[in-house]
1. Percent relative contact order of chain A, based on C-alpha pairs within less than 8 angstrom and at least six residues apart?
2. Per residue of B:111-117, what is the mean number of Cβ atoms on other protein chains within 10 angstrom of that residue's Cβ?
3. So for B:Val116, B:Val63, fewest C-beta neighbours within 10 Å to most, what's the order?
4. Is there a simple number for the mean count of other chain Cβ atoms within 10 Å of the Cβ of residues in A:43-52, and what is it?
5. Listing A:Glu46, B:Glu85, A:Glu8 from the residue with the fewest other Cβ atoms within 10 Å to the one with the most, what is the order?
6. Rank the residues A:Ile7, B:Ile99 as a footprinting-exposure proxy: fewest other Cβ atoms within 10 Å of their Cβ go first.
7. Run the quick spin-label model on B:Thr92 and B:Asp73: label points 7 Å from Cα toward the beta carbon, then report their separation in nm to one decimal.
8. Compute for the protein assembly as shown: radius of gyration divided by Kirkwood radius, i.e. Rg/Rh, restricted to C-alpha atoms, rounded to two decimals.
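Readers should treat all values here as calculations from the given coordinates under stated rules, not as data from a laboratory. Computed from a predicted model, the values in this text were never measured in an experiment. Please note: Cβ atoms are built from the backbone with ideal geometry, for glycine as well, and neighbour counts cover all protein chains shown.
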Amino acid sequence: MSMRGFIEMDFSFGGASSSETIWQQIEEGEVVGYFKADGTPVELPEIYEMRVASSDILPSIPIGDSA
Amino acid sequence: MAANTDPIFSKVPKVQWTNGVTAANTAKDGTGTVDTVFTADAVNGSYLQKLTIRPRGTNVATVLRVFVNNGGDNTVAANNALIAELSLLATTNSEIVSIIGNEVPLNIPLPPGYRVNVTLGTAVAGGFAIAGFGGDY
């Protein structure tokens, strides 16, 4: 089974106490990019923390989700 | 003081673990959010033979980083040392096929109060169960 789609993530960096939502894009089990809810690519800093907000793998980023 | 000293062997077996390691922390100095797998005996120290890593379902590819911490606050980089890394391949959950796990051989003595912490380089959904096998001196 190929693993592809988008997973919702909570992302923080720089010791921030709050996190923001971004979407992790997966192709064939590999992470190929991160995006905001509006589809804008996210360039990650070198050091960050991230955790899965929902383990559901969605075929696309849900429209209207805030980021 | 340790009970056995010449040669030194562990006296009491110790197995400790952490389940559901899922979060990413890309710091290479052991700071930030970590999962503690193994804590050495507070009086005599411990020996840690190995870590076993078992996927708990569907995960993207990631990397496991293993740190020794001297018992101090891990947010202070000087208290941590990166001692091992292991590439973890993508896994797909199955109820009919076993998912391949991994082992990290360490074979290290740990002074009293030292800890072994782990992080992932990429956040995963299913997570990993990580256990440390060793013994207290």
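1. 39
2. Mean shielding count: 0.
3. Least to most surrounded, the residues fall as B:Val63, B:Val116.
4. Going residue by residue through A:43-52 and averaging, the value is 6.
5. Least to most surrounded, the residues fall as A:Glu46, B:Glu85, A:Glu8.
6. B:Ile99, A:Ile7
7. So the label points at B:Thr92 and B:Asp73 sit 4.6 nm apart.
8. Using only Cα positions, Rg/Rh for the protein assembly as shown is 1.04.
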